[in-house]
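K.L.:
Before we start, here is the structure in question, set down as structure tokens.
The values are calculated or read from the model by the stated rules, or taken from the named source; none is laboratory data. All of these numbers come straight from a predicted model, not from anything done at the bench. Here the Cβ is made from the backbone with ideal geometry for all residues, glycine too, and neighbour counts use every protein chain on show. Calculation scope for accessible area: heavy atoms of the full protein, side chains included, ligands and nucleic acids excluded. Shrake-Rupley method; radii C 1.70, N 1.55, O 1.52, S 1.80 Å.
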Amino acid sequence: LQGIFSRGIISTNLGDYVGALDDFQHAYSLANDDPNSLSKAHVAAMLAQVYEYRHEDNLSIPYFEEAVAAHRLNNADFDLSIALFGLGRANRSIGQLELGKQQLLESKVLAAKVEDIQGVAYALKELADIEVSAKNYLPAERQFLEAGDIFKQAENHQMSYNVSIALVNMSLETKQMDKAQAYLQQAKAYLERFN
């Protein structure tokens, strides 16, 4: 079970989503509900992520929901936070904005509770994206900036860059060209750290 699951993770990282799905589906059939081992909930969360990477959010949601239910039942706050994050993103992607927002907010609270600071930042970025889509630009900017500060402290240059680009796009959308220029310079600085 562990070997098949691990191979599924490797396949996912290599972009071989068909191979990953085969392995995770096989692992799912072998796993049980014991929260102290590699459980069906853990495998379900990985199946959901692969479907998410394939932009098949409708297929990911039942697996994320299964993982959320099991992790909630077992008071596994860290795993629950991650599963809720995925479920919230998937629901946002299919247009269920309010439901997605609730799930992302709960993910953020749980991430803070277990001191997963970057988990807080990831949730904040997704919440900011929802606010932008609703044209609630002030709360969106606050959330982007808070997420950006966390990513900067964690030296997560990729996500710092992503947040800066999101701020550029929001500033352009609101016709704030000076802000857009400042955020663009910030994004360039993060980009240079990749080289």
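K.L.:
Tell me which residues, restricted to region 83-98, are polar (S, T, N, Q) and open to solvent by less than 30 Å² (accessible area, probe 1.4 Å). Give the derivation first.
P.N.:
Here is the first cut: in region 83-98, the ones polar (S, T, N, Q) are 91, 93, 96.
Passing the criteria: only N91.
K.L.:
Okay, moving on. Checking A112 against (1) in contact with a Leu (Cβ under 7 Å, 6 or more places away or on another chain); (2) surrounded by fewer than 15 Cβ atoms within 10 Å (Cβ to Cβ), which test does it fail?
P.N.:
So A112 meets the others, but not (1).
K.L.:
Name the single residue, out of those in region 16-38 being modelled with pLDDT under 95 and open to solvent by less than 60 Å² (accessible area, probe 1.4 Å), that is nearest to P62 (Cα to Cα).
P.N.:
L38
K.L.:
Can you pull out the helices (runs of 4 or more DSSP H) entirely within region 90-195 that have at least 1 residues that are closer than 30 Å to P62 by Cβ?
P.N.:
On the way: elements: 97-113, 117-133, 137-153, 157-173, 177-192.
It comes to 97-113, 117-133, 137-153, 157-173.
K.L.:
Look at region 57-82 and say how many of its residues are buried (at least 16 other Cβ atoms within 10 Å of the Cβ), out of contact with any helix residue (DSSP H, G or I) (no Cβ under 6 Å at 6 or more places or on another chain) and among the aliphatic types (A, V, I, L, M).
P.N.:
Count: 2.
K.L.:
Report, ordered by the first and then the second residue, all pairs with beta carbons closer than 8 Å, sequence separation of six or more or different chains, a first member in region 103-116 that is more than 16 Å from F64 (Cα to Cα), and a second member that is in a helix (DSSP H, G or I) and of a type in the set (V, I, T).
P.N.:
K108/V120; A111/I117; A111/V120; A112/V120
K.L.:
Something else now. Regarding region 26-36, can at least one residue be identified that is touching an Asp or Glu at 6+ places or on another chain (Cβ under 6 Å), without any contact (Cβ under 8 Å) to a residue 60 or more places away in the chain and among the charged types (D, E, K, R)? Step through it out loud before you land on a result.
P.N.:
Filtering region 26-36 down to residues touching an Asp or Glu at 6+ places or on another chain (Cβ under 6 Å) leaves none.
No, that holds for no residue.
K.L.:
Continuing with the same structure: Under 6 Å by Cβ, and 6 or more places apart or on different chains, what pairs join a residue from region 81-98 that is free of Cβ contacts under 8 Å to residues at least 12 places away in the same chain and within 13 Å of D129 (Cα to Cα) with one that is of a type outside the set (S, T, N, Q) and open to solvent by 70 Å² or more (accessible area, probe 1.4 Å)?
P.N.:
none
K.L.:
How about region 107-160: which of its residues are in contact with an Asp or Glu (Cβ under 7 Å, 6 or more places away or on another chain) and under 20 Å from A90 (Cα atoms)?
P.N.:
As a first pass, look at region 107-160 and keep what is in contact with an Asp or Glu (Cβ under 7 Å, 6 or more places away or on another chain): 110, 113-114, 124, 139-140, 143.
Of everything in region 107-160, those that are in contact with an Asp or Glu (Cβ under 7 Å, 6 or more places away or on another chain) and under 20 Å from A90 (Cα atoms) turn out to be L110, L124, A140, Q143.
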